[in-house]
Structure formats: structure tokens, C-alpha cells
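*Asks:* The structure that follows is given in the form of C-alpha cells.
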Amino acid sequence: MNLGLILAIGESFRDLEKKGQLKRLINYNIKSYARHFDKVYIFSYKNDRNFKIPKNCVLVTNKRGVNRFFYSLLLPFLKNSEFKNCDVIRGLQITGGIPAVVAKIFLGKKFVINYGYDYAKFASIENKKLQSLLFKVIEMPILKTAERVIITSSEIYNKLSKKINRKKLLLIPNGVDNKLFKPAYNKKSNQFTVMFIGRIEKQKNLENLIIAAQKLPKIKIILIGNGSLKGQLKLLSKRKKVTIKIVPPVDYEEIPKNLARADVFALPSLVEGNPKILLEAMACQKAVIGTNVEGIRELIINKYNGILTDTDHDSIRSGLIELLDDKLRQKLGKQARKFIIENYDIEKLLEKENRILLKLAK
């Protein structure tokens, strides 16, 4: 049996490599699919070459550089022979469902997608009005056409179960490799280090994290990632006299080593899905602080395995002050790792997904 894996619209191996996410996709998802299926076709939006993938995987590329929007609609026709060979299709995120819907209508192919977060809401927060509208238009047709929809958080599951057939929904959260993401200890500086890893965008609410750190003793904020707000946050930190350091994205295998430099991992977002980076920080036994919003409050139990705050800077500051206590940080970190090991083992979760894909393929 063969599987077709469609990347999110516009994505390629090269893009994922720049973001530090490619090895995560290959080492877990793709290798897991390759173990369960005879052949895996991976559909990319660019002319990717020279990437090491399992022998029974085929990287199907956009050699002519067709525009991503047209390519998403034409993909089942442009790569017709590959699609015909697929027994089931797995689309990544909601936009991975666009070619999958076309393949179902014209080729009768069954497909599964994952719905990680409220895509329209994320785009709206970042003032991407056209993108937000697009998500609202395509969301329901894709969800209703899919055989199964993988949901990563119970809050999103409850919302969608009111709109589409509950039998289609599968609650499978993101997982963590607990052998890679484990406690590591580096020699700490005399500064209290708060680390964030992710997109440097409005949705992440990093302005309030910086303002929250104002006037706290010997505090340093390290932001690892890229985004449109880098310059703005540098200016804000100068005005507020807060020490920050912005570092380019790192490969996911380097995340544990980087987290070892931090006293606290912070995720002060306005909304989330099922954030992999928070799961990974908790697996590394870090004391974590996050906002009491969708996607985060499902993972952090306040004062048990982390600290939950509101999204405003005063509340975040109060949480940071609590975490100045070394004993509390150690206690929360241990409980965080225990929570992840018990609930978010990546191999078990991928096995569950593959059982569904194989059932549909048959």
C-alpha cells in the first residue's frame, strides 16, 4: 500500500530546513510512514533536490516553479501517475487538504488532514486579512470532504464537533521524542535567563514579555526565531532597558542544548494550537510560563507543571517573579517532564495515526 504526503501550501524541504523543522518531519513522521507503507510519495511546492529520505520514499517536486496557489489546485493533474498510485493521502495542515480535495473529486482518493489550530484567527491577529478570509472559505469544504481530521487539542475538538461529523475527528496531539528532549545542564550565567523559541510575530505577544521583564533584577531574554517584529522588539527593549538577544532559528536537534542555557521557557502567546516547542521545553524539564489561552492551558496546570498567566504584562511579570524561586523552578520542571512522558510520547501517537491511515488505505 502506498501513501501520498502533501506539504502545506507553498512549503518545501528547503523552507522547512531554513526553519529548523525538516529533520523533525523526516525523523519522525516520514520515517514512521515509511515503516508502515510500501511507498511514500512526498509532494513539495519547490524543486527540492539532494535530501536524504528513506529508500521507499519519493520526493515529488515542482520542477517548473508553478505558482503555489495554482499548483495546489493542479497538483493531482500535474502529478497524475503518482496520485493514482496512492491508496490514501495525508495532507499537512488545512492547506494540505486543497490538492487532496481535488484528488478525491477527480480520482476518488481518500484523505486525512490535521487541523492544528484556528488558521483564520491566527492570520487575523497578524492583520493578514486576505489570508484570514481564504482560510474561512476553504476550511469547511476541506473538513467535510476529508475521511478523517486529526485534531491536536481538546478545545479545538469540541469546537469542530459542533460543525462536522464527530466520527471524522481524531484527537491525536503532537508528540515528543523524550530520548532527545531530556534534561541537560549548562553552566548558567549570573543573569536570570528567559527563553522563547518560535515565530517573532504578533500572535506570540512578545512585546508584553519584554515589558514584563522591565525592572526585574538581572534578567535576560533570549528569542530564537525569525519574524517581522525583530526590529520593533529591539527598539522596545532599548526603551524599557531590558536585555534581549535575538538568535536565528536553530535545528530542532539543537533545541535541548539551547534550552539548557535558560532558567525559564516562556510562551506568552495570544492563542496557540498544540505547541510542539512547549511540549519539548517541558520534556527538557524546564520551568515553563505560558498564557491562559487556547492551546497552552491544556498543557500547563498552574503551579503543578508550570505557571499560567493572563496575556497582559503585569500578569506575566507576576509569573516571572514567582519563577525567581529556584526550588519552585526545579519542582515545576520535574512535574513538567513527568507529564510529557505520560501523555505525549511521539512513537505511540504516530502509531495511532498510522493505524487509521492503513485502515483507510485497505
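*Asks:* I'm checking a number: the convex hull volume of the Cα atoms of the range 1-156, normalised per residue, in Å³. What is it?
*Replies:* Measuring per residue, one finds 121 Å³ for the Cα hull of the range 1-156.
*Asks:* Among 230/276; 55/230; 18/362; 218/276, which pairs are too far apart, with a Cα-Cα distance over 32 Å?
*Replies:* 55/230; 18/362
*Asks:* Right, something else. Let me know the Rg and Dmax you get for the range 192-343 when you use only its Cα atoms, in Å.
*Replies:* 13.9, 43
*Asks:* Treat each spin label as a single point 7 Å out from the Cα along the C-beta direction, and report the residue 191 to residue 342 distance in nm.
*Replies:* 3.6 nm
*Asks:* Which entries of 215/303; 215/327; 121/159; 286/327 show an alpha-carbon separation above 19 angstrom in the structure shown?
*Replies:* Numbers: 215/303 24 Å; 215/327 22 Å; 121/159 14 Å; 286/327 12 Å.
The answer is 215/303; 215/327.
*Asks:* Can you sort 13, 192 so the residue with the fewest Cβ neighbours within 10 Å comes first? Numbers along the way, then the final one.
*Replies:* Working: 13 22, 192 19.
Final ranking by Cβ density, sparse to dense: 192, 13.
*Asks:* What area, in nm² and to one decimal, does the C-alpha convex hull of the chain cast on average over all directions? Kindly include the intermediate steps, with their values, before the conclusion.
*Replies:* On the way: hull surface 70.1 nm².
So the Cα hull casts an average projection of 17.5 nm².
*Asks:* Test of understanding: ordering 196, 70 by Cβ neighbours within 10 Å, fewest first, what list do you get?
*Replies:* Listing 196, 70 from fewest to most nearby Cβ atoms yields 70, 196.
*Asks:* Could you identify which residue out of 246, 98, 296 has the top mean-square fluctuation in a GNM of the chain using Cα springs shorter than 10 Å?
*Replies:* 246
*Asks:* Using just the helices of the chain, give the 222 nm mean residue ellipticity in deg cm²/dmol: DSSP H runs with n ≥ 4 each add -39,500 (n - 2.57), and the total is spread over all residues, rounded to 500.
*Replies:* It comes out at -11500 deg cm²/dmol, rounded to the nearest 500.
*Asks:* Turning to a different aspect of this structure: Using +1 on the beta carbon of Lys and Arg, -1 on that of Asp and Glu, and nothing else charged, what's the dipole of the chain about the Cα centre, debye to 20?
*Replies:* Charge dipole, the chain, about its Cα centre: 480 debye, nearest 20.
*Asks:* Go ahead and set up a Gaussian network model of the chain, Cα springs under 10 Å, then flag whichever of 174, 205, 80 fluctuates most.
*Replies:* Maximum fluctuation in the GNM of the chain, among the listed residues, is at 80.
*Asks:* Can you tell me how much longer the chain between residue 58 and residue 235 gets when fully stretched, taken as 0.36 nm per residue apart minus their C-alpha distance, in nm with one decimal?
*Replies:* Between residue 58 and residue 235, full extension yields 59.1 nm more.
*Asks:* Is the range 58-120 best put as rounded, prolate or oblate by its Cα gyration tensor, with a ≥ b ≥ c the root eigenvalues, rounded for a/c under 1.5, and otherwise prolate when a/b is larger than b/c, oblate when not?
*Replies:* Oblate, because a/c is 1.5 or more while a/b does not exceed b/c.
*Asks:* Can you list the residues, at least 5 places off or on another chain, whose amide H is less than 5 Å from the amide H of residue 246, using H built in the peptide plane?
*Replies:* For residue 246, whose amide H was placed from the backbone, the distant partners under 5 Å are 223.
Each value in this text was obtained by applying a stated rule to the coordinates, not by laboratory testing. Just so it is clear, the structure is predicted and the values come from calculations on it, not from any experiment. For neighbour counting, all protein chains shown are included, and Cβ atoms are generated from backbone atoms with ideal geometry for every residue, glycine included.
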